[in-house]
Amino acid sequence: MMFIVEFGIISAMEKILIIGSGPAGLTAGIYAARAGLSPLVLEGMESGGQLLQTQHVANYPGFPGVVKGADVIGAMRTQAESAGVRFVMDVAKSVDFAGEVKRVSTLMGDVYEARTVVVATGAGVTKTNRPGEAKYFGRGISACLTCDGAFYKGKPVVIVGQGPATVGAQRYLERLGATVAAVVEPSAVKSFVGDAAHLTGVERTDGSVVDAAGVFLVTARSPQTAFLEGALERDGAGHVVTKDGVKTSVPGVFAAGDCARPRHKQAVIAAGDGALAALEAQEYLAGLG
Ligand SMILES: Cc1cc2nc3c(=O)[nH]c(=O)nc-3n(C[C@H](O)[C@H](O)[C@H](O)COP(=O)(O)OP(=O)(O)OC[C@H]3O[C@@H](n4cnc5c(N)ncnc54)[C@H](O)[C@@H]3O)c2cc1C
């Protein structure tokens, strides 16, 4: 049941509200639904999460061989829907976790009230914040190899990043027929240059310019937790700080997956966290009576 308030709807009290629809959020949903908690999931802008960005998952149990990330997350979504999980296409904008009733306000102007909340908002690309990046993001700069790599067949591209991930990225792009003109560490980028419509290259801090039709950011992933500012304890990088697995600084609020994992950002670990968060939420609700 929903009630109309001044700027949108305020939900009837949810037993459990899950923020995020990646492996952590969907698994929390499956466990909570099977426990009879009728969970509601706020999907966010990236329904399904990061796994949608890869064509090669070879380490998720139950999926032998190499499968598309979309197949893994699609199966989880189907399982969640048939378990009775409810989904809303909206984004958490701010939260109020001060009282026993937790409130989450969304981009659409709605307010959700819940006894327990699972934060499962994952991680996103770390931008370089160099001049030109905002202008050309989506116009030559991409953070998704599998989404955009194929556009650069026969064209020069630059990889911005460091570490082993850049080696895999280079192999992948070359297999698609792109020419990797340079691999540049984020600290060596001075600016992204281009014309009115599109990126044309990367200016390095030594003043040289590498011509490129595309740039791929292969940088570390940052937790998507800015909307929790002041409400939950977070570390310097923004990960939600947890103890005993998924418990946050606020009783009744749990954090699962990449948003709470400074290390080992992996789908199966996120799914495990999601299951644990739902079980802990169940125990917390039982304690409320
Ligand atoms: C290219 C690539 C390849 C990968 N390959 C593998 C692999 O082979 N094996 C493996 O185990 N892992 C792999 N990973 C890592 C894996 O995808 C992540 O560890 C996993 O998806 C984390 O799950 P999560 O549920 O914590 O977060 P995510 O998958 O990041 O999902 C986060 C969810 O939160 C939502 N969200 C974010 N902010 C908000 C908000 N404010 N309000 C509402 N919703 C919000 C998003 O829309 C999304 O649905 C890969 C990642 C990438 C990028």
Output for the range 239-264, where each listed residue is under 29 Å from Ala58 (Cβ atoms) and surrounded by fewer than 18 Cβ atoms within 10 Å (Cβ to Cβ)
Gly245, Pro262, Arg263, His264
Quick one: would you say Val189 is buried (at least 17 other Cβ atoms within 10 Å of the Cβ), among the β-branched types (Val, Ile, Thr), in contact (Cβ under 8 Å) with a residue 12 or more places away in the chain and more than 25 Å from Gln50 (Cα to Cα)?
yes
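What about Asp148, is it acidic (Asp, Glu) and part of a loop (DSSP other than H, G, I, E, B)?
Details: acidic (Asp, Glu): yes; part of a loop (DSSP other than H, G, I, E, B): no.
For Asp148, the condition - acidic (Asp, Glu) and part of a loop (DSSP other than H, G, I, E, B) - is not met.
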Of all residues in the range 38-59 being more than 6 Å from the ligand (Cβ to nearest atom), assigned to a loop (DSSP other than H, G, I, E, B) and open to solvent by 40 Å² or more (accessible area, probe 1.4 Å), the one that is farthest from Ala70 (Cα to Cα):
Ser38
For the range 122-131, check the following and say yes or no: at least one residue is in contact with a Ser or Thr (Cβ under 7 Å, 6 or more places away or on another chain) and free of Cβ contacts under 8 Å to residues at least 60 places away in the same chain.
no
Verdict on Ala231 being assigned to a loop (DSSP other than H, G, I, E, B), out of contact with any Cys (no Cβ under 8 Å at 6 or more places or on another chain) and surrounded by 17 or more Cβ atoms within 10 Å (Cβ to Cβ)
yes
I'd like to know if the range 139-159 contains one or more residues that are surrounded by fewer than 18 Cβ atoms within 10 Å (Cβ to Cβ), within 11 Å of the ligand (Cβ to nearest atom) and not hydrophobic (A, V, I, L, M, F, W, C).
yes
Checked against (1) under 14 Å from Ser142 (Cα atoms); (2) free of Cβ contacts under 8 Å to residues at least 60 places away in the same chain; (3) not aromatic (Phe, Trp, Tyr), Glu174 satisfies every condition except (1)
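The values are calculated or read from the model by the stated rules, or taken from the named source; none is laboratory data. This is a predicted model, so every value here is computed, not measured. Here Cβ is always computed from backbone atoms with ideal geometry, including for glycine, and neighbour counts include all displayed protein chains. These area figures cover heavy atoms from the full protein model, side chains too; ligands, DNA and RNA do not enter into them. Shrake-Rupley method; radii C 1.70, N 1.55, O 1.52, S 1.80 Å.
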